[in-house]
Amino acid sequence: MAKNKQKGKKQQNVFQVANKQSKPKTKAKPVKTSLKHINTLRNEKVESLNQMFTEVQRDVKSISKSTCEPKKAQKVVREAPREAVNVDNAAQLLSQL
């Protein structure tokens with residue numbers, strides 16, 4: 001009748017008990033607030049660069065306007081050909097080739 005009794009050590013449980021104390025989890029880092037801070041700094045830098053570039057663009061426009069005015073006074077004059085083109089003579093020269 002006592003054939004099913006095991007001798008010696010008990011067999012270990014396959015599944016661990018979930019109630020054991022585990023290490024406390026670390027607190028989540030405030031990623032959202034740090035990203036907001038980074039974005040505000042980036043936006044400020046972008047705005048300052050935009051202002052600098054608009055000033056440079058205005059300077060370039062004013063310089064180009066001052067340099068373009070003398071060029072408008074100069075006109076290119078083409079001279080008309082002095083001799084009239086002789087088509088018959090050119091055809092005769094080509095036929096000799």
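Please treat every number below as a calculation from the coordinates, not as lab data. No experiment lies behind these values; they were computed from the predicted model shown. All Cβ positions, even for glycine, are placed from backbone atoms using ideal geometry, and neighbour counts span all protein chains on display.
With the simple spin-label model, which puts each label point 7 Å out from Cα in the Cβ direction, the Thr26 to Arg42 separation comes to 2.4 nm.
Modelled spin-label separation between Val56 and Thr33, with each label point placed 7 Å from Cα along the Cα-to-Cβ direction: 3.7 nm. Around His37, what is the net charge, scoring Lys/Arg as +1 and Asp/Glu as -1 over all other residues with Cβ under 15 Å from its Cβ? Net charge around His37: +4.
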